[in-house]
Structure formats: C-alpha cells, structure tokens
Amino acid sequence: MDAKRYEKAIVEMFFREYRPPLFWVEPSTAADHHVLGRHSEVKRQVDVAVCRGDDERPFLMVDAKRRAAKLEVNDILKRYDVQLDGR
C-alpha cells in the first residue's frame with residue numbers, strides 16, 4: 001500500500017469512529033492544522049484533525065506513518081516524552 005492510500009485509510013477509520021453531530025473529522029486536504037515540532041520548531045501539517053461539535057480547535061490530531069516494523073506504545077511515549085497517568 002502506498003503512502004496516499006494509507007493516509008486515506010486512516011482518514012476513513014476516523015470518519016467511522018468519530019461521527020457527527022458530536023464530532024467532525026477533517027483530513028489534511030480540507031484544513032490547515034499544524035503542530036510545531038518540539039526540537040525543529042518547524043510547523044508540520046497533520047493528516048487528520050478531529051473536533052468536538054462546533055469547536056474549531058481539534059482535540060485529536062493524527063500524523064499517519066507507515067512503518068515496516070511494529071511499534072509498541074512505550075516506543076511512542078518515549079519518543080514524544082509522554083507518560084500515562086492512568087486516567
């Protein structure tokens with residue numbers, strides 16, 4: 001599967017999981033949602049933004065990456081310096 005098809009599949013998955021009217025999903029082609037890189041301080045466009053109801057600010061943003069090897073949750077948490085607090 002190429003990168004474009006993979007990103008499209010991710011968008012479709014979020015459309016199924018977060019349905020209107022409580023949520024709305026914007027693929028990167030429809031909006032201009034960015035995250036500032038922690039170390040590079042460069043704006044990076046996200047692939048999917050999920051918003052609540054009529055709030056324009058996303059509460060969930062997704063940047064899809066296809067990896068050859070499986071990732072563990074702890075790998076991701078370490079990469080982004082996040083800790084689970086049990087909530």
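The values are calculated or read from the model by the stated rules, or taken from the named source; none is laboratory data. Because the structure is predicted, anything quoted here is derived from the model rather than measured. All Cβ positions, glycine included, derive from the backbone under ideal geometry; neighbour counts span all protein chains shown.
Observations on the structure shown:
- Residues (of a type in the set (A, V, I, L, M, F, W, C), closer than 22 Å to residue 4 by Cβ and free of Cβ contacts under 8 Å to residues at least 24 places away in the same chain) located in the range 20-59: 30, 31, 46
- Residues of the range 60-73 that turn out to be charged (D, E, K, R), without any contact (Cβ under 8 Å) to a residue 60 or more places away in the chain and under 18 Å from residue 10 (Cα atoms), as a count: 4
- When residues of the range 27-59 are limited to those that are modelled with pLDDT under 80 and within 16 Å of residue 12 (Cβ to Cβ), the one surrounded by the most Cβ atoms within 10 Å (Cβ to Cβ): 28
- Some residue of the range 3-16 being over 13 Å from residue 64 (Cβ atoms) and surrounded by fewer than 11 Cβ atoms within 10 Å (Cβ to Cβ): yes
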